[in-house]
């Protein structure tokens with residue numbers, strides 16, 4: 001049976017396991033604290049005694065990434081969100097990053113967590129949201145959902161902020177491949193200004209590249225539609241072991257972020273976040289990927305990872 | 001979610017969002033402005049303000065020599081207003097016909113490196129309600145704490161502008177143009193003096209008060225404000241003796257079904273505005289320790 005561990009920063013943690021995989025989930029921000037298959041670490045670890053470093057593992061809802069100046073327009077009216085990134089003057093990563101989710105359903109290998117988003121500054125919608133973590137023999141399936149409990153149509157987007165790795169191999173020695181042909185160019189405040197093809201730019205990750213040579217913090221999208229559920233990104237170790245990230249088509253945007261100074265117990269180092277997002281950065285302004293849920297309507301979509309050991 | 005409490009002639013409705021008091025009536029007479037929908041409450045009507053009431057200047061404060069940057073929740077004035085739980089959906093921890101306890105976790109976050117388990121208990125009394133706030137520090141370091149609430153008071157159907165408001169407070173906090181406190185001064189001889197019961201219609205206040213003389217002190221609490229109607233009916237606010245502050249806010253544009261009108265918030269607080277910077281009234285809770293305190297409302301009809 002699953003066990004709850006005390007963890008003040010997450011309120012508490014839930015341990016999931018099956019025969020091969022194990023994951024730890026914290027209630028605050030429904031954070032994915034760790035994931036292993038056959039004892040191989042597939043994500044960076046959120047320490048028990050600290051905040052998720054650099055957003056590690058948290059859920060981003062009802063929008064991922066930034067809203068410029070925390071301001072957007074709804075039916076001709078200006079909406080002003082709280083500024084949760086004061087240094088850059090933006091509203092970043094939604095409204096639930098400090099919220100302790102409730103446990104809705106729990107099994108040894110799965111848990112569903114829920115959080116209500118109340119109408120608030122710059123956000124006049126009511127949404128019941130949830131996240132389900134389901135362990136698989138070779139990885140994890142994460143399903144995000146939302147139900148509009150308000151009287152009018154509600155806007156919605158969701159993302160997740162996992163940092164991936166393959167066991168103890170230094171991240172700079174892994175290769176990253178991302179099957180996406182376009183990226184969003186950013187201004188100095190990290191707000192997108194235009195869509196550009198990756199071809200011929202340092203952002204082209206369509207063939208495997210060593211992470212040591214990659215320095216990005218951009219969102220990738222698609223000019224053609226990606227239909228259904230498909231693999232989109234791969235991390236590979238020189239011994240042939242491999243982690244694949246798959247997405248439902250609703251996750252039409254992917255942020256890749258490679259901080260050189262990700263804090264770990266043994267010091268700072270390179271890490272790689274590959275963030276499934278149902279909408280682009282600043283989507284409340286650009287509407288790129290933004291969903292509209294009718295009153296009483298529901299939305300759900302999944303992403304996940306699969307691990308293949310060296311052969 | 002709404003929770004209805006009933007006991008005899010007293011009836012209250014509580015919202016799990018911000019642990020807000022949605023309505024409170026005694027024999028049908030309203031003690032507070034009722035909430036009419038599930039939208040963002042107008043002027044913060046009824047919500048709980050924790051772990052600080054009112055604003056933190058520039059959303060910045062110092063903790064043991066380290067600068068803390070809170071999220072800016074009042075972008076036009078640059079402050080961090082009304083704590084961290086004003087949109088939180090509290091959990092129902094315990095419930096009976098006439099009492100409910102709601103709980104919410106305050107996670108360590110930008111500018112707030114502490115974890116607190118907090119709760120709010122609404123318990124009906126013979127003439128109104130008793131509200132008890134509690135906090136347990138589950139961090140490894142001592143945590144500052146302050147709490148307040150934001151009820152708009154009424155005396156039944158009496159037009160609010162015709163009520164008199166009495167607050168036995170000897171000082172008020174002067175503020176700058178962004179409503180940050182600059183000095184605590186005597187109310188004597190100022191328009192902020194509420195010791196002799198001016199008519200609400202004559203007031204224009206968004207003012208914090210200190211040096212409260214709790215009236216009729218008994219069992220560690222006393223009366224901190226009362227509103228009285230021309231016919232003698234009265235709504236009374238009481239606070240624990242260590243709740244030394246309150247904020248009075250008046251507006252002439254409070255939304256009601258029949259249009260905009262005058263309303264008055266009388267907000268019990270354990271600390272004055274910007275307490276994270278001034279330290280005034282701050283409660284420091286040691287690791288593993290807890291704190292609790294109460295305020296409440298009572299009603300007396302025109303015939304006593």
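Values in this text are rule-based calculations from the coordinates and carry no lab data. These numbers come from a predicted model, not from an experiment. Cβ placement follows ideal geometry from the backbone for every residue including glycine, while neighbour counts extend to all protein chains displayed.
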Checklist entry - Which ones in the stretch B:72-98 are more than 9 Å from chain A (Cβ to nearest Cβ) and under 26 Å from residue B:288 (Cα atoms)? => result B:82, B:83, B:85, B:90, B:92, B:93, B:94, B:95
Next on the checklist: Suppose the filter is touching a residue at least 40 places away in the same chain (Cβ under 8 Å), within 21 Å of the chain's Cα centre (by Cα) and over 15 Å from residue B:226 (Cβ atoms); does residue B:121 pass it?
Outcome noted: no
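Any idea how many residues of the stretch A:49-77 are part of a strand (DSSP E or B) and touching a strand residue (DSSP E or B) at 6+ places or on another chain (Cβ under 6 Å)?
Of the residues in the stretch A:49-77, 7 are part of a strand (DSSP E or B) and touching a strand residue (DSSP E or B) at 6+ places or on another chain (Cβ under 6 Å).
Select from the stretch A:250-276 the residues that are farther than 18 Å from residue A:177 by Cα and either crowded, with 18+ Cβ neighbours inside 10 Å or under 15 Å from the mean Cα position of the chain (by Cα) (or both) and list them in ascending order.
A:250, A:262 - these are the residues of the stretch A:250-276 that are farther than 18 Å from residue A:177 by Cα and either crowded, with 18+ Cβ neighbours inside 10 Å or under 15 Å from the mean Cα position of the chain (by Cα) (or both).
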Next on the checklist: I'd like the full set of residues that are within 14 Å of residue B:178 (Cβ to Cβ) and either part of a loop (DSSP other than H, G, I, E, B) or free of Cβ contacts under 8 Å to residues at least 24 places away in the same chain (or both), limited to the stretch B:74-97.
Outcome noted: B:74, B:75, B:76, B:77, B:78
Next on the checklist: Which count do you get for residues in the stretch A:71-81 that are closer than 30 Å to residue A:9 by Cβ and buried (at least 23 other Cβ atoms within 10 Å of the Cβ)?
Outcome noted: 1
Checklist outcome for this item: residue A:200 fails exactly one of (1) free of Cβ contacts under 8 Å to residues at least 60 places away in the same chain; (2) closer than 30 Å to residue A:292 by Cα; (3) surrounded by fewer than 19 Cβ atoms within 10 Å (Cβ to Cβ), namely (2)
Checklist entry - Does residue A:35 count as farther than 30 Å from residue A:126 by Cβ, away from chain B (no Cβ under 13 Å), touching a residue at least 40 places away in the same chain (Cβ under 8 Å) and within 22 Å of the chain's Cα centre (by Cα)? => result yes
Item to check | Subset of the stretch B:15-71 (residues that are within 13 Å of chain A (Cβ to nearest Cβ), on the phi > 0 side of the Ramachandran plot and over 15 Å from the mean Cα position of the chain (by Cα)) | outcome: B:58, B:59
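Among the strands (runs of 3 or more DSSP E) lying completely within the stretch B:114-202, list those that include at least 2 residues that are farther than 30 Å from residue A:49 by Cβ and within 14 Å of another protein chain (Cβ to nearest Cβ).
Counting at least 2 such residues, we get no strands (runs of 3 or more DSSP E) at all.
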Next on the checklist: Quick test for you: out of A:51, A:27, pick the one residue that is crowded, with 20+ Cβ neighbours inside 10 Å, within 12 Å of another protein chain (Cβ to nearest Cβ) and farther than 18 Å from residue A:129 by Cα.
Outcome noted: A:51
Checklist entry - Mind checking which residues of the stretch B:190-222 are under 16 Å from the mean Cα position of the chain (by Cα) and without any contact (Cβ under 8 Å) to a residue 40 or more places away in the chain? => result B:222
Checklist outcome for this item: Counting only residues that are part of a loop (DSSP other than H, G, I, E, B) and closer than 18 Å to residue B:41 by Cα, the stretch B:250-304 contains a total of 2
Checklist entry - Among the numbered criteria (1) buried (at least 20 other Cβ atoms within 10 Å of the Cβ); (2) within 30 Å of residue B:200 (Cα to Cα), which single criterion is violated by residue B:132? => result (1)
Checklist outcome for this item: Condition set under 14 Å from the mean Cα position of the chain (by Cα) and within 14 Å of chain B (Cβ to nearest Cβ), scope the stretch A:58-69, selection farthest from residue A:239 (Cα to Cα): answer is A:62
